[in-house]
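Contents: one structure, followed by commentary.
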Amino acid sequence: YLAAAGIGRIRIVDNDTVDETNLQRQVIHSNAEIGESKVDSAARRIQMLNPLVECEVHQTRMTTENALDLLNDVDVLIDGTDNLPTRYLIDDACAIANIPWVHASLFRYEGQVTVFNHENGPRYRDLHPDPPSPGTVLNCEEAGVIGALPGILGSIQAMEAIKILSGIGEPLSGRLMLIDTKTMETRHLTYEASTTRQEITELNRHNDYAESRCATDGGMPMNSMTVTELHDLMQQEEPPFLLDVRRAEEEDICSIPDTDLRVRHTDIQMHIDEIPSDRVVVVYCRSGIRSMTAIHALAASGRNPELLHNLAGGILAWSAEIDPTMPRY
């Protein structure tokens, strides 16, 4: 919609490649682009729609090292991210560069849209001063989402960006638009800039807006293991104890070979005696969220946190990096 409206220059930032699982909601891509960088795929589709638009692509993640450079000469930023650390980074970078940004987020059938930092208006940190505990927020793959919902929210974001750029109408600054697509009801919540908010003059380069290790709700450091590391350990004489915390119907679809035990993450406490206390335990689920909850429960039961490892990316990562023949769901 931005290209069709005649926006002259669009800068696209994404380090990912097109995956089949993206296609039900990221309709700018198609089956023909699977495996291709998302920025190149998107730029080509934009050029097909409007060859007069200048597309500038950056196949990278936004970090503290490049955020301000990526915002150079930008008039408005549209947030298409799916993780909280990057949103806090965007908010701080836009505050420093004095750039408004249009935010949207969703959960299953519900979504929300607002505009931050518009003409010294409220910022993301005013609405969300502190990030929630790691593991308490699900991503699209874990929570599930109907593909039409991102389309609805993206269209609203495009309209807000056009309003900001053209100076027409009243942007959603200080107003959070909520939509429930099950009932198609919408409502607006108002919010204001915090009187105690600290001004941002530089980006925090010490933690890059993300911890290198995960933490559970209680603040306990959590070890993370990649699927490659697990695969290598499974070849050893004493492999780790492999715990699957998915539902039974998910196990019927696929499982990592040599899984020792499957217990739903909500039932960990009832099966605590079946899980060894003197071995390395690797916990996995579909994408790595429920397994974090399970590790928290194990640690709360007195298990040594140093022996507990969360499988990063879950069985989806195993399918992508170790066994491409494994079904994805």
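Residues in region 232-250 that are surrounded by fewer than 17 Cβ atoms within 10 Å (Cβ to Cβ), out of contact with any Asp or Glu (no Cβ under 8 Å at 6 or more places or on another chain) and within 20 Å of I295 (Cβ to Cβ): how many? Result for region 232-250: 2. Could you check, for region 177-197, whether at least one of its residues is out of contact with any strand residue (DSSP E or B) (no Cβ under 7 Å at 6 or more places or on another chain) and at pLDDT 95 or above? For region 177-197, residues out of contact with any strand residue (DSSP E or B) (no Cβ under 7 Å at 6 or more places or on another chain) and at pLDDT 95 or above: absent. Test of understanding: among S255, S319, S291, which residue is farther than 20 Å from M222 by Cα and either within 22 Å of the chain's Cα centre (by Cα) or buried (at least 21 other Cβ atoms within 10 Å of the Cβ) (or both)? Only one candidate passes the filter, namely S319. Can you tell me which residue within region 268-285, out of those that are touching a residue at least 12 places away in the same chain (Cβ under 8 Å) and part of a helix (DSSP H, G or I), is nearest to E249 (Cα to Cα)? Within region 268-285, the match that is nearest to E249 (Cα to Cα) is I268. For region 22-43, the tally of residues that are assigned to a helix (DSSP H, G or I) and surrounded by 15 or more Cβ atoms within 10 Å (Cβ to Cβ) stands at 8. Among the residues making up region 298-329, a single one is out of contact with any helix residue (DSSP H, G or I) (no Cβ under 8 Å at 6 or more places or on another chain), of a type in the set (G, A, S) and closer than 17 Å to D252 by Cβ: S319. Among the residues of region 259-287, the one identified as over 25 Å from the mean Cα position of the chain (by Cα) and within 16 Å of S319 (Cβ to Cβ) is T259.
Every condition in (1) at pLDDT 95 or above; (2) touching a helix residue (DSSP H, G or I) at 6+ places or on another chain (Cβ under 7 Å); (3) under 23 Å from Y88 (Cα atoms) holds for P131 except the one numbered (1).
Yes/no per residue for (1) modelled with pLDDT of 90 or more; (2) part of a strand (DSSP E or B):
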{"residue": "N223", "(1), (2)": "no, yes"}
{"residue": "L230", "(1), (2)": "yes, no"}
{"residue": "L243", "(1), (2)": "yes, yes"}
{"residue": "P257", "(1), (2)": "yes, no"}
{"residue": "T266", "(1), (2)": "no, no"}
{"residue": "A294", "(1), (2)": "no, no"}
{"residue": "A299", "(1), (2)": "no, no"}
{"residue": "I315", "(1), (2)": "yes, no"}
{"residue": "R328", "(1), (2)": "no, no"}
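Condition check: in the same structural domain as V145 (by TED's automatic domain parsing), touching a residue at least 24 places away in the same chain (Cβ under 8 Å), surrounded by fewer than 17 Cβ atoms within 10 Å (Cβ to Cβ) and under 16 Å from the mean Cα position of the chain (by Cα). Does D82 satisfy that?
yes
When region 54-70 is filtered for residues that are modelled with pLDDT under 95 and acidic (D, E), only E65 remains.
Each residue in region 286-305 was checked for being in contact with a Leu (Cβ under 8 Å, 6 or more places away or on another chain) and either in contact (Cβ under 8 Å) with a residue 40 or more places away in the chain or closer than 14 Å to T226 by Cα (or both), and 8 of them qualify. Count of region 263-287 residues, restricted to those that are within 24 Å of E238 (Cα to Cα) and crowded, with 17+ Cβ neighbours inside 10 Å, is 9.
The values are calculated or read from the model by the stated rules, or taken from the named source; none is laboratory data. Because the structure is a prediction, the values reported are computed rather than measured. Don't worry about glycine lacking a Cβ; one is built from the backbone with ideal geometry, like all the others, and counts go over all protein chains shown.
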